[in-house]
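Undergrad: The structure that follows is given in the form of structure tokens.
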Amino acid sequence: MVSTFRIRQRIPGGVTLRIVYNDGKLFVSFDKEQMDNIKKTWPQPIEINKAWVPLLIKDIGDVNLQMWRESLEKKSNAT
């Protein structure tokens, strides 16, 4: 699981906010600064850099595709 996050593309500055689907579970990774902001403002949302939007959209698309494939595999195995 940890290696999945490590191979993900990073934004300059070491930002690691990513969304990953692995073994039927959805994961979100944060860097230390993001976690500190979450802890300080919980349960309010935190601001994220707009530069992350393309990466998060890609992540969500990848997650959607993986879940769809998994769903199709389960259906084909059930028949």
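Undergrad: For R18, list long-range residues whose amide hydrogen, built 1.01 Å from N in the peptide plane, is under 5 Å from its own amide hydrogen.
TA: Under 5 Å from the amide H of R18 lie the amide H atoms of S29, each far enough along the sequence or on another chain.
Undergrad: Just to check I understand the Karplus step: with θ = phi - 60° and J = 6.51 cos²θ - 1.76 cosθ + 1.60, what whole-Hz values come out for region 60-69, glycine and proline as x?
TA: 5, x, 4, 4, 4, 5, 5, 5, 5, 4
Undergrad: Can you list the lysines whose alpha carbon is less than 23 Å from that of K40, not counting same-chain residues fewer than 8 positions off?
TA: Leaving aside lysines fewer than 8 places away in the same chain, those within reach of K40 are K32, K50.
Quick note: the coordinates plus some simple rules give every number you see, no bench work behind them. On a predicted model such as this, the values are computed, not experimentally measured, just so you know.
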